[in-house]
Amino acid sequence: MSIKEYFSSLFTGVRSLIKGMEVTGKELVTPKITEQYPENRDTLKISPRFRATLKLKYDEEGRHKCIACGICQMNCPNGTIKIVTKMVDMPDGKKKRKLDKWIYDLGSCTFCMLCVTTCPHDAIEFSNEFEQAVFTREKLVKQLNYLPEKEEEPKPASAPVAAKPAAPAAAKPAAETAKPSDKAPQAAEPKTENKENK
Ligand code: SF4
Ligand code: SF4
């Protein structure tokens, strides 16, 4: 190796080293985007749009909005949902079909969200609670209506509505009301005999 080749390769090596150190130095001062899970479980940020598991929406009084219509079950492409209904006696004495069990099999869900978008009562949603690891598949089958059903309050009796007197039918001109068939047959014009021609 000549002296010229020696210094050329030395220069190439030093240049490569500086370039590598430059990349390393830049990454050292760049803010970190990786999450130190599970150490940072309390401050972990998960995207609100992340689809981890399905859940029923409950209001502040502990009521859900599911009417057990079964549309989500029909629209689920792989049989993940099972809606079990029951008949209950209402305060007004009538019977009503209500939700008994909302069964969801997380293990077979493809997170397509068809059930959420087709629910007519906006009763379900995806939560981003991603810690769903269990040891057996059976534990992935969940009953989403976990809160006890609230009693329905009887509706206030509505005041009887006074019957309105029938409005007298406005007399219409005979020409408007009469059907063509109702019209009296027109008197046949008397035939005039031309006596002069006889
Ligand atoms: S979640 Fe929605 S679509 Fe499914 S049964 Fe309840 S109301 Fe019907
Ligand atoms: S997200 Fe898709 S696969 Fe999962 S329960 Fe809903 S409809 Fe079924």
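Please treat every number below as a calculation from the coordinates, not as lab data. Bear in mind the structure is a predicted one, so any value in this text is a computation, not a measurement. Don't worry about glycine lacking a Cβ; one is built from the backbone with ideal geometry, like all the others, and counts go over all protein chains shown.
One chain, two ends: I18 and H121. Fully extended at 0.36 nm per residue, the span grows by 30.9 nm beyond their Cα-Cα distance.
Ranking C112, T136, V84 by how far each Cα lies toward the positive end of the dipole of segment 53-143 (charges on Cβ) leaves V84 at the top. Amide H to amide H distances under 5 Å link Y58 with no residue, where only residues 5 or more positions off or on other chains count and H is placed in the peptide plane. Anisotropy class assigned to segment 53-143 is prolate, per the alpha carbon gyration tensor with a/c at or over the 1.5 cut-off and a/b larger than b/c.
Working from label points 7 Å from Cα in the Cα-to-Cβ sense, the E39 to L147 distance is 3.8 nm.
Think of each Lys and Arg Cβ as +1 and each Asp and Glu Cβ as -1; about the Cα centre, that makes the dipole of segment 24-101 roughly 480 debye. Site pair R137 and Y58 shows an inter-label distance of 3.0 nm when each label is modelled 7 Å from Cα along Cα→Cβ.
On the basis of the beta-carbon distance and an R0 of 30 Å, I71 and S47 show a calculated FRET efficiency of 0.65. Among the listed pairs K45/K98; K94/K139; K45/K139; K45/K150; K55/K96, which have their C-alpha atoms separated by more than 31 angstrom in this model? Pairs exceeding 31 Å: K45/K98; K94/K139; K45/K150.
Modelled this way, with points 7 Å down the Cα-to-C-beta line, the labels at M1 and K95 are 9.5 nm from one another.
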